[in-house]
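The structure under discussion appears below in the form of structure tokens.
The values are calculated or read from the model by the stated rules, or taken from the named source; none is laboratory data. What you are looking at is a predicted structure, and each value in this text was computed from that prediction instead of being measured. Positions of Cβ are generated from backbone atoms using ideal geometry, with glycine treated the same way; all protein chains shown enter the neighbour counts. SASA here: full protein model, heavy atoms, side chains in, ligands and nucleic acids out. Shrake-Rupley method; radii C 1.70, N 1.55, O 1.52, S 1.80 Å.
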Amino acid sequence: MGEFPPFPTPAVASTDAACGTPVELTEISYRRGAAVWKAAGPDGTVAVKAGDGKGAAATQREAAVLKALGWPDYLLASGGDSDVAWLVTHWFAGPSTWQVFAPVRSGADGKDGALSASVDLCRAVAELHASGWIHSDLQPSHGIHTDHGVRLIDCSWSWRDGTEPVTEFRGGITHLVAPELAESVNSARQSPTPSTATDVYALAGTLWTCVTGRWPLDYAGTDIDPGRITPAELRTHIAGRRLPLDSATPWPAFQDILRPALLGRAGDRPTAAELAETLAKAAK
């Protein structure tokens, strides 16, 4: 990951305006050329992201997506150029989906809360899809469960149906890429095109991972070590459906609801709204 970069000077004025002074900065993450801080002051708390190189392009892309989405409680300010880009968003207070499931993974129950959170996450994705957008990078940490509903974050790869997908897109995190998208990403014949169906695959895989603490595909039960092969090689295995689902079943009834989304072909997968409905019925 390297040394955490300095806070972007051009973002100071916007951060001070949102938070008041003095501002306390907390380093949150630094990966793929983009750093995130939590900035807190007497008037509020925000998240600040800054990227350079490829991280700058991703940060600019995310700012453009948030502007196009028009979510009123997200983007506060953004700026930069091809070398360095930054954005300031509201800080969403609440646990990620991964954190909500921590009691389930530890065996301390918590299933009612996790099931309710799963419904909320699926409904948030369904609302995004209904607006014509696809997230394209759903992961266990990309849904934040606030007092005002689920907030989807990390929208750098989000895509609107009817527009050209980003040429650098590689399917999101490889462990959660749908087979048809894995094949498309590896193909030199066309640009990979995410869809609501590939989002649902990643959504179900995210929930499976939150339950088990392991990726949904059974690496341990095969001769495939994802740490020893390239992402392209792993996508080849995924595209060929050579990997069964992981054998860990700490919550069989919940995982059985996810199986059709992970095992079915794209056209046979439930929608995010249908997955939410099935999970909601299980909660009764």
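So which of Val88, Val104 ends up being within 25 Å of Asp16 (Cα to Cα) and in contact (Cβ under 8 Å) with a residue 40 or more places away in the chain?
Testing whether each residue is within 25 Å of Asp16 (Cα to Cα) and in contact (Cβ under 8 Å) with a residue 40 or more places away in the chain leaves just Val88.
Yes/no matrix, rows are residues, columns are (1) open to solvent by 20 Å² or more (accessible area, probe 1.4 Å); (2) out of contact with any Phe, Trp or Tyr (no Cβ under 8 Å at 6 or more places or on another chain); (3) of a type in the set (S, T, N, Q); (4) over 11 Å from Cys210 (Cα atoms):
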position: Pro95; (1), (2), (3), (4): yes, yes, no, yes
position: Val104; (1), (2), (3), (4): no, no, no, no
position: Val125; (1), (2), (3), (4): no, yes, no, yes
position: Ser131; (1), (2), (3), (4): yes, yes, yes, yes
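Would a scan of segment 63-78 turn up a residue that is charged (D, E, K, R), under 20 Å from Gly149 (Cβ atoms) and touching a strand residue (DSSP E or B) at 6+ places or on another chain (Cβ under 7 Å)?
Here is the first cut: in segment 63-78, the ones charged (D, E, K, R) are 67, 73.
After this cut, where a residue has to be under 20 Å from Gly149 (Cβ atoms) as well, the list is 73.
Then drop every residue that is not touching a strand residue (DSSP E or B) at 6+ places or on another chain (Cβ under 7 Å), which leaves 73.
Within segment 63-78, one or more residues are charged (D, E, K, R), under 20 Å from Gly149 (Cβ atoms) and touching a strand residue (DSSP E or B) at 6+ places or on another chain (Cβ under 7 Å).
Among the residues of segment 209-220, is there at least one that is over 20 Å from Phe254 (Cα atoms), at pLDDT below 95 and touching a Ser or Thr at 6+ places or on another chain (Cβ under 7 Å)? If you could, list the steps in order and put the result at the bottom.
Residues of segment 209-220 that are over 20 Å from Phe254 (Cα atoms), as a first pass: 219-220.
Adding the requirement that they be at pLDDT below 95 leaves 219-220.
Applying the additional criterion that residues be touching a Ser or Thr at 6+ places or on another chain (Cβ under 7 Å) yields none.
Scanning segment 209-220 turns up no residue that is over 20 Å from Phe254 (Cα atoms), at pLDDT below 95 and touching a Ser or Thr at 6+ places or on another chain (Cβ under 7 Å).
Within segment 73-170, which strands (runs of 3 or more DSSP E) (wholly inside it) include 1 or more residues that are under 17 Å from Thr206 (Cβ atoms)? Steps first, please.
Working: elements: 75-80, 84-90, 143-146, 149-152.
The qualifying strands (runs of 3 or more DSSP E) are 143-146, 149-152.
Hey, can you tell me all the residues within segment 18-39 that are out of contact with any Gly (no Cβ under 9 Å at 6 or more places or on another chain) and open to solvent by 30 Å² or more (accessible area, probe 1.4 Å)? I'd like the intermediate steps shown before the answer.
Pass one, segment 18-39, residues out of contact with any Gly (no Cβ under 9 Å at 6 or more places or on another chain): 25-29, 36-39.
Listed by number, the residues that qualify are Leu25, Thr26, Glu27, Ile28, Ser29, Lys38.
Among the residues of segment 250-284, count how many are surrounded by 13 or more Cβ atoms within 10 Å (Cβ to Cβ) and without any contact (Cβ under 8 Å) to a residue 12 or more places away in the chain.
4
All but one of (1) over 15 Å from Val84 (Cβ atoms); (2) under 22 Å from the mean Cα position of the chain (by Cα); (3) surrounded by fewer than 18 Cβ atoms within 10 Å (Cβ to Cβ) hold for Gly53; which doesn't?
Only one criterion in (1) over 15 Å from Val84 (Cβ atoms); (2) under 22 Å from the mean Cα position of the chain (by Cα); (3) surrounded by fewer than 18 Cβ atoms within 10 Å (Cβ to Cβ) is unmet by Gly53, namely (1).
Table: residues versus (1) in contact (Cβ under 8 Å) with a residue 12 or more places away in the chain; (2) closer than 26 Å to Ala178 by Cα.
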position: Tyr30; (1), (2): yes, no
position: Ala39; (1), (2): yes, no
position: Ala57; (1), (2): yes, yes
position: Glu127; (1), (2): no, yes
position: Gln139; (1), (2): yes, yes
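Could you please give the count of residues in segment 157-196 that are at pLDDT 90 or above, open to solvent by less than 20 Å² (accessible area, probe 1.4 Å) and among the small types (Gly, Ala, Ser)?
4
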